[in-house]
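Taken together, the values in this text are just the output of simple stated rules run on the coordinates, not laboratory data. Computed from a predicted structure; not experimentally measured. Cβ atoms come from the backbone with ideal geometry, glycine included; neighbour counts cover every protein chain shown.
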């Protein structure tokens, strides 16, 4: 099961995140009965305090208050799909909220085609005394090497960046796929099929579709599911999908393109009566679906927390062995799968 967070505990308890956070830390501003209720639910869910966030919050409680600005940098790439822009917007909004909670003001900077150069960005950051840069996912290969990183702490919100090698916060593909396959198996599906549109792989060092595909193939075998070969195509292709769907007869399709539901229907399926569909990223879906919430807010929050910790400890410059923090997606029920039969 996904690891519980302050956000999920707050939703379960019907309380605000700030109330839950204060209760978990034993704040006297929260009623004793509420503190005990929050701690009881947290204990049953297996929640543990995030030591990084706790350290940062402890610093703020010492009276420092406003700490300054951090930069949120994004490449302005005109070929970025509209759905990918939506995911980026969610990251930006969550980063600004979490930065404010930690005493920082997030300043957005657009780099490249429609924005400033990295040389100009360096001048702006130095003039404003900004010490931390949160780099949002790019659509093509990420290249921020021309920024003088000796002056800055940095975090990248995606799987891998090599120019330069920054610490990363990203989705956990394997665990997310495990949650999906376990869930559809419990619902009685036996032949899940994976449909992946392979983008310009250079932006993720040739690993985006491969990570989904390798996780699917490994788990398909270990969970004893039907051997439906994945469909990996370069563009959204109805004809290729229809041929694959009719030949291999998956009873549930996993993918990022929710228009596959229409293609399944035209191929003779009735969703969810006879077949199912699972979105691998609900933020990209054009319709209500069952599937994965890849938690863009949590990704951004973890990125800001890591960046704030680096700034507090004066950890500017590049690490020889940058870390990678992976966040699994959360399962969300939806109308594209049949209900569980108890």
C-alpha long axis of helix 32-45 to longest principal axis of the chain, angle in °:
50
For region 6-49, what does the equivalent ellipsoid look like in terms of its semi-axes, each the square root of 5 times an eigenvalue of the Cα gyration tensor, given largest first in whole Å?
14, 11, 9
Hey, what's the Cα Rg ratio for region 229-299 versus the globular rule of thumb, 2.2 N^0.38 Å?
1.12
Length-normalised contact order of the chain, Cα under 8 Å, at least 6 apart, in percent, tallies to 20
Could you work out how far helix 173-186 tilts from the main Cα principal axis of the chain, as a 0 to 90 degree angle to the nearest 10?
40
Sorted from fewest to most neighbouring beta carbons within 10 Å, what does the list 228, 20 look like?
228, 20
Length gained if residue 186 through residue 324 is fully extended, taking 0.36 nm per residue and subtracting the Cα-Cα distance, is 46.5 nm
Can you give the Rg/Rh ratio of region 173-293, where Rg is from the C-alpha atoms and Rh is the Kirkwood radius?
0.93
Take region 79-166, compute every pairwise Cα distance, and split them into 5 Å bins from 0; I just need the percent in each bin.
3, 12, 23, 27, 23, 11, 2
Given bins 10 angstrom wide, list per bin the percent of all Cα-Cα distances in region 120-240, short to long.
12, 32, 26, 17, 10, 3
Rounded, prolate or oblate: which fits the chain, taking a ≥ b ≥ c as square roots of the Cα gyration tensor eigenvalues, rounded meaning a/c under 1.5, else prolate when a/b beats b/c?
oblate
